[in-house]
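> Got a structure for you, written out below as structure tokens; questions coming shortly.
The values are calculated or read from the model by the stated rules, or taken from the named source; none is laboratory data. Please read all numbers here as calculations on a predicted model, not as lab measurements. Note that we place each Cβ from the backbone using ideal geometry, even for glycine, and neighbour counts take in every protein chain shown. Quick note on the areas: whole protein, heavy atoms, side chains included, nothing else; ligands and nucleic acids left out. Shrake-Rupley method; radii C 1.70, N 1.55, O 1.52, S 1.80 Å.
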Amino acid sequence: AIADAIFRVPGVKRSTHPLVSVLAVGARAAEYTRTHPLHASEGPESPCFRLYEAGGKVLLFGVDMGNCTAPHVAEYIVDCSYLRENVRNVLHVDADGKRQFVRLERYPGTSQYFTKLQPYLEKVGALRNVALENYLITLFDLRTAVDYAVERLHEDEQYFLHP
């Protein structure tokens, strides 16, 4: 419902990735969504990577960090080997409007263990949780989350693949 409401905001921009497109609103919306690499959905030149570079924050409504794709940026920075093992076939429309199925060269897996970042982010003051009636609202600093995740992935590339 939230994505649907944002999609209706005047001036909203949408990235072109066929599986994980991003909506952006505001003065930098076009900048964040101008490119979205097909084979590196959260890698360099992606909306999430740009948000990381800009020191942006992520706001989650009613879900925890296990439902957030933004920390996948760390997996692309480290170039985790499993990105190449988790390929998908997608319907892609190129710039000329030609529709074709493309096998993605790299694609992230589950985000369910991104919750492992939360204790560290709380400890350093980079994450806040607020309960509004029955809904959890979480705000966290993406740069802090990704930088910490990169450290963990350098120690253990499988860090996000197990509890």
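> Pop out the ³J(HN,Hα) list for the range 2-7 in order, Karplus 6.51 cos²θ - 1.76 cosθ + 1.60 with θ = phi - 60°, rounded to Hz; leave Gly and Pro as x.
Working through the residues one at a time gives 5, 4, 4, 5, 5, 4 Hz.
> Further question on the same structure: Starting from 0.36 nm per residue, how many nanometres of slack lie between Phe7 and Ala95 once their C-alpha separation is accounted for?
On the way: separation 88, 0.36 × 88 = 31.68 nm, distance 2.21 nm.
That pair, Phe7 and Ala95, stretches by 29.5 nm at full extension.
> A follow-up question, please. Please give the solvent-accessible surface of Tyr135 in Å², to the nearest 10, using a probe radius of 1.4 Å with every protein chain present.
Tyr135 has an accessible surface of roughly 150 Å² with all protein chains in place.
> Extension gain Leu132-Leu161, at 0.36 nm per residue separation less the Cα-Cα distance, in nm? Before the final figure, lay out the partial values.
On the way: separation 29, 0.36 × 29 = 10.44 nm, distance 3.11 nm.
Once the chain is fully extended between Leu132 and Leu161, it gains 7.3 nm.
> Going down the list Lys13/Lys116; Lys57/Lys116; Lys13/Lys57, which pairs span over 26 Å between their C-alpha atoms?
Values: Lys13/Lys116 31 Å; Lys57/Lys116 18 Å; Lys13/Lys57 18 Å.
Lys13/Lys116, as the Cα separations exceed 26 Å there.
> Now, a different point. Go through (1) 19; (2) 25; (3) 29 and flag the label whose value is the computed percent of Cα pairs over 26 Å apart for this structure.
Computing percent of Cα pairs over 26 Å apart and matching it to (1) 19; (2) 25; (3) 29 gives (3).
> Give me the distance in nm between label points sitting 7 Å out from Cα along the Cα-to-Cβ direction at Thr16 and Arg103, one decimal.
Once both label points are built, they end up 2.4 nm from each other.
> On a full-extension model of 0.36 nm per residue, what is the gain between Arg34 and Thr110, subtracting their alpha-carbon distance, rounded to one decimal in nm? List each step's numbers first, then the result.
Numbers: separation 76, 0.36 × 76 = 27.36 nm, distance 2.55 nm.
Gain on extension, Arg34 to Thr110, equals 24.8 nm.
> Accessible area per residue, 1.4 Å probe, Å², for the range 66-129: what's the number? Working shown, then result.
Working: 3630 Å² over 64 residues.
Ligands and nucleic acids excluded, the figure is 57 Å² per residue.
> Can you give the alpha-carbon Rg of the range 10-80 over 2.2 N^0.38 Å, where N counts its residues? Walk me through the numbers before you get to the answer.
Values: Rg = 11.9 Å, N = 71, 2.2 N^0.38 = 11.1 Å.
Normalised by 2.2 N^0.38 Å, the Cα Rg of the range 10-80 equals 1.07.
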